[in-house]
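Right, one structure below, let's go through it.
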Amino acid sequence: MAGKYPDGDFYQFEADLDQDELNILHRVREWAQSSVRPHAAEYWNRSEFPHHLLPEIAELDIISLVRGKGRSRLLAGLVTAEVHRADASVGTFFSGHDGLFTGSIELLGSEEQKARWLPELYSVEKNGVFAITEPDAGSDVAQGMSTTARRVSGGWILNGVKRWIGNATISDYVAVYARDPEDNQVKGFVVETQWEGYEAKLIENRIALRSVQNADIHLTEVFVPDTHKLEHSNSFKDVNQVLKSARSVVGWQAVGLQMATLDVALAYTGKREQFGKPLSGFQINQAKLSTILGNLISSQSMMVSLARLEERGSVQNEHSALAKAHSTKAMRESVALGRELLGGNGIISDYEMAKIFSDAEAIYSYEGTYDINQLVAARSITGVSAFV
Ligand SMILES: Cc1cc2nc3c(=O)[nH]c(=O)nc-3n(C[C@H](O)[C@H](O)[C@H](O)COP(=O)(O)OP(=O)(O)OC[C@H]3O[C@@H](n4cnc5c(N)ncnc54)[C@H](O)[C@@H]3O)c2cc1C
């Protein structure tokens with residue numbers, strides 16, 4: 001008997017989109033499933049970024065379509081989930097370029113800077129990434145950042161090392177956050193990657209998001225003209241605006257990985273037979289599939305609520321932190337169950353599940369680890385900070 005799983009939308013969240021938005025979502029889904037997913041594991045195995053997709057992304061004009069006037073935050077979230085459903089590495093390209101880099105310009109740039117950079121970023125003619133983390137400053141980067149931005153005539157001189165910067169070896173721009181020793185405040189700068197003194201070195205041997213070209217960036221006496229200092233980025237509080245919206249994006253990534261888990265696990269357990277019947281016919285396996293479905297829906301529900309807060313303009317750090325923490329925790333259980341349902345084949349990337357399982361580990365830890373996001377949420381309800 002065929003099951004009734006309405007393409008990732010068991011609780012009909014898509015019904016809140018208007019027809020125009022629904023068409024955009026379906027176009028993205030069709031492209032992601034037909035162009036991204038079929039070759040994702042090959043690129044992941046080779047740790048290569050699928051460059052051939054960039055013209056397709058430009059042609060589809062996804063970023064402009066999702067950001068068009070009057071578009072809902074729900075559409076943006078569902079599109080993020082849909083791309084991650086097909087492949088988290090390609091999804092992370094979008095989130096780094098669109099969420100973090102473009103978000104830095106939109107939230108912290110001057111009107112002139114927005115006019116200069118946003119059109120080429122929306123069309124993906126140029127792409128950018130976001131650099132805040134350092135080798136010795138991860139969760140405590142707000143206090144521990146040691147990259148410096150020294151004021152000089154006509155601009156700034158940047159020195160320091162950044163770690164984990166997504167796709168930094170292949171991007172055109174990097175939003176670098178650095179401390180001004182004059183006032184000890186963290187400020188934001190757009191660095192062009194061909195500038196003298198900029199060097200990006202791929203971090204090898206990663207077990208997650210292998211197609212993303214995460215790199216260590218070395219900045220040695222890099223001169224940044226005043227035109228490239230983000231006008232409204234003058235303290236860590238300003239950077240936090242970008243991180244708040246990025247955490248929401250990561251919550252949607254966790255939704256996408258759980259949709260992928262269910263896609264793979266349902267197809268596999270429906271087909272493979274043991275003891276003369278499909279794996280999906282055993283009660284224990286059905287309980288696991290139900291748990292994944294419940295986790296997916298609790299994550300979707302939380303993210304839909306967050307999208308509503310975003311639309312009302314009332315979202316706070318603690319809202320996005322809790323949603324990121326909850327969705328990624330649920331995801332971690334879901335992908336482990338998915339891996340288990342595929343038995344031995346669950347540890348080979350050829351069957352997709354091993355890739356999804358591994359990618360989930362990165363998502364659980366970036367944009368503020370699970371622990372840190374829990375602490376941000378708890379600080380809000382207790383009034384006591386456990387980490388500063
Ligand atoms: C695949 C990937 C991509 C990334 N992309 C980017 C990027 O594009 N740009 C960028 O700037 N950064 C990026 N990051 C960095 C990411 O944001 C950091 O890894 C993350 O903030 C955690 O920092 P850390 O790895 O140094 O861990 P640490 O801060 O060293 O933490 C290690 C462990 O200790 C726990 N811990 C730390 N402090 C506390 C505390 N006070 N209380 C309780 N527990 C605590 C953490 O939860 C964690 O479990 C990326 C990371 C990964 C893995």
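Data table
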{"item": "One residue from Gly154, Gly160 being away from the ligand (no atom under 11 Å from the Cβ), surrounded by fewer than 21 Cβ atoms within 10 Å (Cβ to Cβ) and at positive phi", "result": "Gly154"}
{"item": "Residues within the range 201-260 that are among the aromatic types (Phe, Trp, Tyr) and more than 21 Å from the chain's Cα centre (by Cα), tallied", "result": "1"}
{"item": "Which listed residue, of Tyr122, Tyr177, Tyr173, is aromatic (Phe, Trp, Tyr) and near the ligand (Cβ under 9 Å from one of its atoms)", "result": "Tyr177"}
{"item": "Val83 being in contact with a Phe, Trp or Tyr (Cβ under 8 Å, 6 or more places away or on another chain), outside the structural domain of Tyr370 (by TED's automatic domain parsing) and away from the ligand (no atom under 13 Å from the Cβ)", "result": "yes"}
{"item": "Candidates Ala246, Ala254 - the one that is modelled with pLDDT of 95 or more and either crowded, with 21+ Cβ neighbours inside 10 Å or not assigned by TED's automatic domain parsing to the domain that holds Leu108 (or both)", "result": "Ala254"}
{"item": "From Asp98, Asp87, residue being at pLDDT below 95 and of a type in the set (D, E, K, R)", "result": "Asp98"}
{"item": "Pair list, Cβ under 7 Å, 6 or more apart: the range 249-277 residue aromatic (Phe, Trp, Tyr), other residue surrounded by fewer than 24 Cβ atoms within 10 Å (Cβ to Cβ) and not in a helix (DSSP H, G or I)", "result": "Tyr268/Leu342"}
{"item": "Residues located in the range 351-388, provided they are touching a helix residue (DSSP H, G or I) at 6+ places or on another chain (Cβ under 6 Å), in a helix (DSSP H, G or I) and of a type in the set (Asp, Glu)", "result": "Asp359"}
{"item": "Residues of the range 197-221 satisfying the condition of being part of a loop (DSSP other than H, G, I, E, B), free of Cβ contacts under 8 Å to residues at least 60 places away in the same chain and either near the ligand (Cβ under 9 Å from one of its atoms) or of a type in the set (A, V, I, L, M, F, W, C) (or both)", "result": "Ile203, Asn214"}
{"item": "Among (1) in contact with a helix residue (DSSP H, G or I) (Cβ under 6 Å, 6 or more places away or on another chain); (2) assigned to a helix (DSSP H, G or I) - the single one Ser301 does not satisfy", "result": "(1)"}
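Per-residue answers, yes or no, for (1) outside the structural domain of Thr291 (by TED's automatic domain parsing); (2) within 9 Å of the ligand (Cβ to nearest atom); (3) under 30 Å from Leu279 (Cβ atoms); (4) touching a Pro at 6+ places or on another chain (Cβ under 8 Å):
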position	(1), (2), (3), (4)
Ala325	no, no, no, no
Ala330	no, no, yes, no
Glu333	no, no, yes, no
Leu337	no, no, yes, no
Gly344	no, no, yes, no
Ile356	no, no, yes, no
Tyr366	no, yes, no, no
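The values are calculated or read from the model by the stated rules, or taken from the named source; none is laboratory data. Note that the coordinates shown come from a computational prediction; the quantities given were computed from them, not determined experimentally. We place every Cβ from the backbone using ideal geometry, glycine too, and count neighbours over all the protein chains shown.
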